[in-house]
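What follows is a set of notes on a single structure, which appears directly below.
The values are calculated or read from the model by the stated rules, or taken from the named source; none is laboratory data. Not measured: the values here are computed from a predicted model. Glycine also receives a Cβ, built like all others from the backbone with ideal geometry; neighbour counts cover every protein chain displayed. Note: areas computed on protein heavy atoms with side chains; ligands, DNA, RNA excluded. Shrake-Rupley method; radii C 1.70, N 1.55, O 1.52, S 1.80 Å.
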Amino acid sequence: MSERESLNSQLEHLQMRYVGTGHADTTKYEWLSNQHRDTIASYIGHPSFVSLFAIAENESTGRIKYNLLNKMINPCGPPPKVDSTTKKDEDEDMD
Amino acid sequence: MEVDKNQVSEWDDSELKKKPSTVSATPRRNRWDETPVSSSGATGGFKGTVADTPNNKRKSRWDETPLNVTSQTQATPMYNLGGATPKYDGSQVAMTPNYSGLVKQTPMIGGQMMLDPQQLQIQRDIEERNKPWTDEELNSLLPSDGYEILTPPAGYVPLVTPARKMALASQTPVSGFFIQDENRKQDYGIDTQGPVDGLSMKPEDKVYFEKILGSGDGEGEENLSPEEIKERRIMKLLLRIKNGTPPMRKQALRHLTDRAKEFGPSALFNQILPLFTSQSLEDQERHLLVKVIDRILYKLDDLVRPYVRKILSVIEPYLIDQNYYARIEAREIISNLSKAAGLACMTAKMRPDIDSPEEDIRNTTARAFAVVASALGIPSLMPFLKAVCKSKKSWAARHTGIKIVQQIAILMGCAILPHLKSLVEIIGHGLEDKEPKVKTITALAIAALAEAATPYGIESFDPVLKPLWYGIRLYKEKGLAAFLKAIGFIIPLMDEGHASYYTEQVMLTLINEFKTSEDEMKKIVLKVVKQCVSTNGVKPQYVREKIVPEFFKHFWVRRMALDKRNYKLLVETTMELANSVGGGEIVALIVDDLKDESEAYRKMVMEAIDKIISTLGAADIGPRLEDQLIDGILYAFQEQSDESSVMLNGFGTVVLAMGTRIKPHLTTITTCIKWRLNNKSAKVRQQAADLISHIAVVMHACGEEQLMSHLGLILYEYLGEEYPEVLGSILGALKSIVNVIGMTKMTPPIKDLLPRLTPILKNRHEKVQENCIDLVGRIADRGADFVLEREWMRICFELLDMLKAHKKGIRRAAVNTFGYIAKAIGPHDVLATLLNNLKVQDRQNRVCTTVAIAIVAETCAPYTVLPGLMNEYRIPELNVQNGVLKSLSFLFEYIGEMGKDYIYAVTPLLEDALMDRDAVHRQTACSTVKHMSLGVVGLGCEDSLVHLLNFVWPNIFETSPHVINAFLEAIEGLRVALGPTIILQYTLQGLFHPSRKVRNIYWKVFNMLYISSQSSLIPSYPKVLNEGPNTYQRYELEYII
């Protein structure tokens, strides 16, 4: 039993090593930021995507890549202000 | 107080009743009691002692007034062993009171303790048998009529031997009470239950836990001082840890650790350390105590400082214990101790021992310091070491200091490398010390450092090279040995040029020392030769001319074979020489010794030849040498009298290496084997059979099929062998013959051989089972048509029993054989047998059966098996249904892609299983789904897999680890087959669920998905609307040109 549990916790440990993974307390903002970053990374990794965007936006591919890279910093805009009291209340409601 | 016997037995009754008033004045003693001291005085004395130790909670009848005593005695006739029996008494005294004193006062155990537990046990036993008669026993033995009980004469003084006197003198009144209590319980040598939690304990333990014996009910706790209550509490916890069941132990250990600070170090160590020194301590108990000490050290931290010395004095001797684990655990404690107490404290406490006149103390201290160094790091100990190694006060301190360095090297291995230079520097001067012992230990320390540093760090040894080199010319005997050892370890570190130069230099001395008769020197010389010869820089030419002749002259002598370590070293060194100059040459030098008179020597020769030929091959062995070699080996093989496998292995190796060149000798070898198969000794027969399996391949390569058939017939005749070891070997030999000559050419024909094997399958011996099943499996695989179907069915039934075998190899062979048999005779009958076997209780048996079913399905195509298997699921029996599901799981695992044709067939069954109330059903069905989906990836089975996913998914909230694991694996399998998008759709619902429990597991599934298909998820993420300042939409994906 304990072996299995430790196996599970090992699995969790492994998962934690990936930035994009989440847990029960992950917020919508965090989750979506990761999604956006993954998406941008994927765009840049596929040149045909970049070409498509370049045509659509009427920019050079270099500019497109540059813009995408810049977007990696805060892909979804600034993080929402955390209101600690309301958050706590929410949590209590949830459980 | 054993002397004063005022208790009265019923023998005295009448008199007492007649004149009760006189009891206190002139008490009538027990007739069997020889001790004439007046009772009133004695009782008074007792009272005194009791008053002295008011805290002793064990109240004795001696506390009462004499009158009271009388009545009590009448009520309960006493076994007054204590007083009546000098001998028994004495031993009791020797055993108990001293310990009780010791436990309280000093952690060390006195001289009496030196008896080992067995001796104590025997002594106790003898005394138990020789103990004198009690009144009660006498009453029952002697008739009451016609006998009179006489009072002892007035002037009678019992004979008191000096030993008894001593024993009496040494006992303390307090422990006297203890003895009385013991006697009341009358230990008949049966291990009675201890009072604490019903734990049993060894009689030797009782002395430690004396205080809590008989106080299990907690009587009179209120009379104790807080200190004593604490003491007893610790004792109870320790006893629970030492003798308790695992849960009890765990709890006690946690309790003890949690309250370590509260108990305080003094109370704890006063209890633990005496236990540690107990002679009767077993490995397991010692391990537990080590654990206790470890934990409390961690808790107490620097509070232990005042006790460091005490702990060390108890633990250090274990550093040189014979038991490896004892040494390891002692190291662990010292290492933790040094972490808790700190370096300053440790050095301060161990310092006095550094120049102790006792060699042993210095030795253990050096080892303890090495442990401290490994715990706290070498650099922190360096200044101290430097000072000690340079100590002017006494050579002993320098000796210990250098020994510490040696021990550090041995203990830490290559971890010394960063400090190598400074370590060599601080001991370097020791090579020129005035004291020969210091010189020797310095050389040994350098050897240890070089060994630990291999193959790096030659530059660090520069400063000591010169003195070492002068040293080997100057010194003799022991000193020289140490210096040679150091050089031997340094040479492999050098580059080629230097190595060859220094080897030549050292070789002169070394060759001189070949002659030595000293054992230690011999070992070192062998080792150094090995190290020198194996370095690159030494030319084969040089070795051949300068080293080999002398070496063989002095070392390849019979005497070397007698000592196991010499023997091993010599073989290794010779191997190294052969590496350098070539195998043929070396073999030629020793081959004649295969016919030596001494068997041990022949064995050593054989082992060397075996090693040389197995690594270097037989290519450079000429025709003449070949004849000599085979001749010698045959002689040695035939002449061997003991049971070792050296000759056998050597024979096998040589024959294999020679290959077809062995052909001319095969007839001789076979004759020898045949003759030996008939030998009276079982071991000889076994070796002969083993030899056949060794050389069968070569025999076949030589084209000697006829010879092999002949051997096959002979082996067949020997199948009635009664020794299982031999029978196993014979089966192995048969198997090797069948393997090389094939089923059709085999003699005896398979149809005769197999029926002979069937009864052997019943044999319970592992070796027989394994070889027999291998052989049967081989026949079933290759030559099944030679045998009747009925015979195969019979074997099937035998095989079912094999599934119970402990050895995995046997079970695996049995399961595979089922497959072969099913292929040969069709799956129907075999399957019926196997399905029936699903009903048995034994789990391992069922698991193996399911594997066998799956294998049968794999070999005979699933459609032959599935209908029957699925029909079996209708039996309303848990084991059977689970067995069916498990078989399906294995089946889909084995058949892989083929599974696509069977998914629709089994889906209804899996639906049912996945909805079952029983968790094991769902678990096994989940793993079936996993294997199934992994098998059919990309084969267009998505429809039914999605259907199954809908049944798998609700198990997401399962809490049992096995089930949830199976669930996760099923999802993983389905992800591969269905693509991550579908699974993601299922997952999205729960990621932001209000309940944390739901979110936990859903995120886990999501993470699983994310890690394995990160990029495939990108197009599948849901569209999220923007929110305030945050852009959540991925507009790029919506571009249309």
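For the chain pair B and A, buried accessible area totals roughly 3700 Å², probe 1.4 Å, rounded to the nearest 100.
Ignoring ligands, DNA and RNA, what percent of the accessible area of the stretch B:600-646 is carbon or sulfur (1.4 Å)? Display every interim value, and only then the final one.
On the way: 900 of 1910 Å².
Accessible surface attributable to carbon and sulfur in the stretch B:600-646 totals 47 percent.
The fraction of accessible area contributed by carbon and sulfur in the stretch B:459-498 is 53 percent, rounded to a whole number (1.4 Å probe; ligands and nucleic acids excluded).
Counting only other residues whose beta carbon sits under 10 Å from that of B:LEU411, what net charge do I get with K and R as +1, D and E as -1? Can you show the working numbers first?
Details: positive: B:ARG331, B:ARG367; negative: none.
Combined, the nearby Lys, Arg, Asp and Glu give +2.
With a 1.4 Å probe rolled over the protein heavy atoms of all chains, the accessible area of B:MET870, B:MET915, B:MET521 falls in the order B:MET915, B:MET870, B:MET521, largest first. How many angstrom lie between the Cα centre of the stretch A:34-66 and the Cα centre of the stretch B:463-531? For the stretch A:34-66 versus the stretch B:463-531, the Cα centre distance is 71 Å.
Of the accessible area of the stretch B:912-1041, computed with a 1.4 Å probe over protein heavy atoms only, carbon and sulfur atoms account for 56 percent. Annotation: for a label point projected 7 angstrom from Cα along Cα→Cβ of B:GLU496, residues of the stretch B:540-581 with backbone N closer than 19 Å are B:540-544, B:579-581. Judged by the gyration tensor of its Cα atoms, with axes a ≥ b ≥ c, the stretch B:342-461 is oblate; a/c meets the 1.5 cut and b/c is at least as large as a/b.
May I ask for the equivalent-ellipsoid semi-axes of the stretch B:207-336, computed as the square root of five times each C-alpha gyration tensor eigenvalue and listed largest first in whole Å?
25, 17, 13
Counting Lys +1, Arg +1, Asp -1, Glu -1, what net charge surrounds B:ALA340 among other residues with beta carbon under 13 Å of its beta carbon? With Lys, Arg at +1 and Asp, Glu at -1, the neighbours total +2. Mean sequence separation of contacting Cα pairs (under 8 Å, at least six apart), scaled by the length of the stretch B:749-860, corresponds to a relative contact order of 26 percent. For A:GLY77, the residues whose modelled amide H falls within less than 5 Å of its own, excluding neighbours fewer than 5 places apart on the same chain, are B:THR1031.
Using Cα-Cα distances under 8 Å and only pairs 6 or more residues apart, what relative contact order does the stretch B:207-336 have, in percent?
Working: 100 pairs, mean separation 28.1, N = 130.
The normalised contact order for the stretch B:207-336 reaches 22 percent.
In terms of solvent-accessible area of protein heavy atoms at a 1.4 angstrom probe, what is the ranking of B:GLU607, B:GLU432, highest value first?
Numbers: B:GLU607 45, B:GLU432 130 Å².
Largest accessible area first, the list is B:GLU432, B:GLU607.
Near A:GLU57: Cβ cut-off under 11 Å, other residues only, Lys/Arg at +1 and Asp/Glu at -1. The net charge is -1.
Is the shape of the stretch B:624-671 best called rounded, prolate or oblate, per the rule: a/c under 1.5 gives rounded, else a/b larger than b/c gives prolate, else oblate, with a ≥ b ≥ c the square roots of the Cα gyration tensor eigenvalues? Prolate, because a/c is 1.5 or more and a/b exceeds b/c.
Once the Cβ-Cβ distance of B:LEU707 and B:ARG843 is raised to the sixth power relative to R0 = 41 Å, the FRET efficiency obtained is 0.30.
Phi angles of the stretch B:868-876 translate, via the Karplus equation with coefficients 6.51, -1.76, 1.60 and θ = phi - 60°, into HN-Hα couplings of x, 5, 5, 4, 5, 5, 6, 5, x Hz per residue; Gly and Pro are given as x. Considering only B:MET793, B:TYR863, B:PRO755, and ranking their Cα positions along the charge dipole of the stretch B:719-873 that arises from unit charges at the beta-carbon of Lys, Arg, Asp and Glu, the one farthest toward the positive end is B:TYR863. 3J(HN,Hα) couplings calculated from phi for the stretch B:392-401 with the Karplus curve 6.51 cos²θ - 1.76 cosθ + 1.60 (θ = phi - 60°) are, in sequence order, 8, 5, 8, 5, 4, 5, 4, 4, 5, x Hz; Gly and Pro show x.
Take the cross-link list B:LYS310/B:LYS386; B:LYS762/B:LYS808; B:LYS564/B:LYS683; B:LYS611/B:LYS683; B:LYS390/B:LYS437 and give me the ones stretching past 19 Å between alpha-carbons. In this structure, B:LYS310/B:LYS386; B:LYS564/B:LYS683; B:LYS611/B:LYS683 lie more than 19 Å apart at Cα. Ligands, DNA and RNA aside, B:THR817 has an accessible area near 0 Å² when probed at 1.4 Å.
In this rough spin-label picture, where each label sits 7 Å from Cα along the Cβ direction, the A:ASN74-B:ALA415 distance is 4.9 nm. Cα centroid separation, the stretch B:752-782 to the stretch B:972-1012: 51 Å. For the residues B:ARG624, B:ARG544, a 1.4 Å probe over the protein chains yields an accessible-area ranking, largest first, of B:ARG624, B:ARG544.
If the segment from B:SER641 to B:HIS765 were pulled out straight at 0.36 nm per residue, it would be longer than the present Cα-Cα gap by 42.1 nm.
With each label modelled as a point 7 angstrom along the Cα→C-beta vector, the B:ASP301-B:THR245 pair spans 3.7 nm.
Report the extension gain between B:HIS947 and B:ILE229 in nm, rounded to one decimal, defined as 0.36 nm multiplied by the number of residues separating them, less their alpha carbon distance.
Details: separation 718, 0.36 × 718 = 258.48 nm, distance 6.80 nm.
Difference between extended and current length: 251.7 nm.
When a/c reaches 1.5 or more, the comparison of a/b and b/c decides; with that in mind, is the stretch B:904-1041 rounded, prolate or oblate per its Cα gyration tensor?
Numbers: a/c = 2.70, a/b = 1.58, b/c = 1.70.
Oblate shape, in that a/c is at least 1.5 and b/c is the bigger or equal ratio.
Projecting the Cα positions of B:LEU510, B:ALA481, B:ASN566 onto the charge dipole of the stretch B:474-629 (unit charges on Cβ atoms of Lys, Arg, Asp and Glu, taken about the Cα centre) puts B:ALA481 furthest along the positive direction.
For the stretch B:968-1012, a decrease in accessible area of 30 Å² or greater in the assembled protein chains relative to the isolated chain, with a 1.4 Å probe, applies to B:PHE992, B:PRO994, B:ARG996, B:ARG999, B:TRP1003, B:LYS1004, B:ASN1007, B:TYR1010, B:ILE1011. For the pair B:ASP321 and B:SER1020 in one chain, pulling the backbone fully straight at 0.36 nm per residue adds 245.0 nm over the alpha carbon distance.
Any idea what the dipole of the stretch B:813-898 comes to, in debye rounded to 20, about its Cα centre with Lys/Arg Cβ at +1 and Asp/Glu Cβ at -1? Please report the intermediate quantities before stating the final value.
Values: 6 positive and 7 negative charges, 35 e Å.
Taking the Cα centre of the stretch B:813-898 as origin, the dipole is about 180 debye.
Distance between the modelled labels on B:HIS554 and B:THR744, one decimal in nanometres: 6.4 nm (7 Å Cα→Cβ projection). Restricting things to alpha carbons, find the Rg to Rh ratio for the stretch A:28-78 using the Kirkwood radius for Rh. Here the Rg-to-Rh quotient is 1.01. Amide H contacts of B:GLU1027: B:TYR1032, each under 5 Å away and 5 or more positions distant or on a separate chain (H built 1.01 Å from N in the peptide plane; Pro and chain starts excluded).
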